[in-house]
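What follows is one structure encoded as structure tokens, with my remarks underneath.
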Amino acid sequence: MKVICTEKSQILATSLARALKTPVVEVKYSRFPDGEQYLIAGELDDETIIVGSLVDNDTLVQLILLIDACDSSHNQLVVPYMGYARQDKRFREGEPISARAIAQVLSRGVSEVITVNIHEEEVLNYFSVPARNISLARDVGSYIELLNLSNPLILAPDEGARTFAEQVASAGGWDFDHLEKTRLSGVEVKMAPKQLCAAARSVVIVDDIISTGGTIATASSMLYKQGAKEVFAACVHGVLTGGAYVHLMAAGIREVICSDTIERGCSKIPAANRIAESIKKTDVQKHKKV
Ligand code: R5P
């Protein structure tokens, strides 16, 4: 078995290979003069774990090309950050179901797919091969434990992320809640914890994705007005688009914490061990069935 990866998932893929005690295939990436991508892989194996977070369109092409380069191998695909998963429905007439379109393309040439904290688990059904999702909620909780906060309050930015907040909070038996929006006027919206009070507390806002940081920055400013002692932001996928990190810092966030499903300077939570655990577990199950 060997691991192979896209350009933007090198660190996670190498850690995964180390956790699985298996080599990484070197890949040379370049472009043709017209901008088309080219790659050439080193010595391949008859069993390959292909790793690539869907962080941009170039990565999507790299994944398609890698899967094709490994076409004489039994391939497992690991997509730690499944981009396009938020467009999981046709919200308006004329739209594509982007998650379905991407999942179908990536299913060709692989025997199974693993994602990490995919935005909607239903998206897994769009792959035409078995697909499963693993969660880093416990790992986010373990990182928060290292911060040694006294009696932290774990907050989801909305009700949809409440279960994730609950799972994170279970790491330390901490309080958790979700933020509720109340419209005060045509232009004014208040965000506050639904049941608990943030005053004098260390608050950690947790979500699957931080994209523009807008949701958490607004929440942070409001929580400080409600007397919060300090506010942290933690997520699995640090998309951090358009100056999001600076925006969060300007809103008084003490620390931005994310995993390395997207490799960033603030990637403090490694995903490799959890992915390796899942791969090893299914390998054991497969061997039991034989
Ligand atoms: C959306 O449903 C996700 O779970 C996140 O809440 C969202 O992507 C955060 O977006 P932003 O950082 O742009 O506020």
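It is to be established whether one or more residues within segment 102-124 are touching a Lys or Arg at 6+ places or on another chain (Cβ under 7 Å), assigned to a loop (DSSP other than H, G, I, E, B) and free of Cβ contacts under 8 Å to residues at least 12 places away in the same chain.
no
Can you name every residue in segment 158-202 that is out of contact with any helix residue (DSSP H, G or I) (no Cβ under 6 Å at 6 or more places or on another chain) and either touching a residue at least 60 places away in the same chain (Cβ under 8 Å) or among the small types (G, A, S) (or both)?
Selection gives G160, A161, A165, A169, S170, G173, S185, G186, A192, A199, A200, S202.
Give the residues of segment 182-216 that are farther than 17 Å from A228 by Cα and more than 10 Å from the ligand (Cβ to nearest atom), sorted by residue number.
T182, R183, L184, S185, G186, V187, E188, V189 - these are the residues of segment 182-216 that are farther than 17 Å from A228 by Cα and more than 10 Å from the ligand (Cβ to nearest atom).
For segment 24-78, name all the residues that are assigned to a loop (DSSP other than H, G, I, E, B) and exposed (fewer than 15 other Cβ atoms within 10 Å of the Cβ).
Initial filter on segment 24-78 (assigned to a loop (DSSP other than H, G, I, E, B)): 25-26, 32-36, 42-46, 52-56, 70-73.
Correct list: E26, F32, P33, D34, G35, E36, G42, E43, D46, D56, D71, S72.
Tell me which residues, restricted to segment 166-218, are aromatic (F, W, Y) and more than 26 Å from V239 (Cβ to Cβ).
As a first pass, look at segment 166-218 and keep what is aromatic (F, W, Y): 174, 176.
Residues satisfying the conditions do not exist here.
What is the number of the single condition among (1) under 15 Å from the mean Cα position of the chain (by Cα); (2) within 13 Å of the ligand (Cβ to nearest atom); (3) surrounded by fewer than 17 Cβ atoms within 10 Å (Cβ to Cβ) that G243 does not meet?
Exception for G243: condition (1).
Could you please let me know if T163 is within 16 Å of the ligand (Cβ to nearest atom), out of contact with any His (no Cβ under 6 Å at 6 or more places or on another chain) and at pLDDT 95 or above? Give the steps one after another, and end with the answer.
On the way: within 16 Å of the ligand (Cβ to nearest atom): yes; out of contact with any His (no Cβ under 6 Å at 6 or more places or on another chain): yes; at pLDDT 95 or above: yes.
So T163 passes the test.
Considering segment 6-23 alone, what residues qualify as being in a loop (DSSP other than H, G, I, E, B) and either in the same structural domain as G238 (by TED's automatic domain parsing) or not polar (S, T, N, Q) (or both)? Please lay out each step first, then the result.
Here is the first cut: in segment 6-23, the residues in a loop (DSSP other than H, G, I, E, B) are 6, 21-23.
Within segment 6-23, K21, P23 qualify.
So in segment 258-290, with the set limited to residues that are aliphatic (A, V, I, L, M) and either away from the ligand (no atom under 16 Å from the Cβ) or in contact with a helix residue (DSSP H, G or I) (Cβ under 6 Å, 6 or more places away or on another chain) (or both), which one is farthest from L20 (Cα to Cα)?
Initial filter on segment 258-290 (aliphatic (A, V, I, L, M)): 262, 269, 271-272, 275-276, 279, 284, 290.
Next, only the ones that are either away from the ligand (no atom under 16 Å from the Cβ) or in contact with a helix residue (DSSP H, G or I) (Cβ under 6 Å, 6 or more places away or on another chain) (or both) stay: 269, 271-272, 275-276, 279, 284, 290.
Numbers: I269: 18, A271: 13, A272: 9, I275: 10, A276: 6, I279: 9, V284: 13, V290: 21 Å.
Among them, the one singled out is V290.
Please go through segment 40-66 and pick out each residue that is in contact with a Lys or Arg (Cβ under 7 Å, 6 or more places away or on another chain) and among the β-branched types (V, I, T).
Within segment 40-66, I40, T48, V55, T59 meet the criteria.
The values are calculated or read from the model by the stated rules, or taken from the named source; none is laboratory data. Quick caveat: nothing in here was measured; it's all calculated off a predicted structure. When we count neighbours, we look across all protein chains shown, and the Cβ atoms used for this are built from the backbone with ideal geometry, even at glycine.
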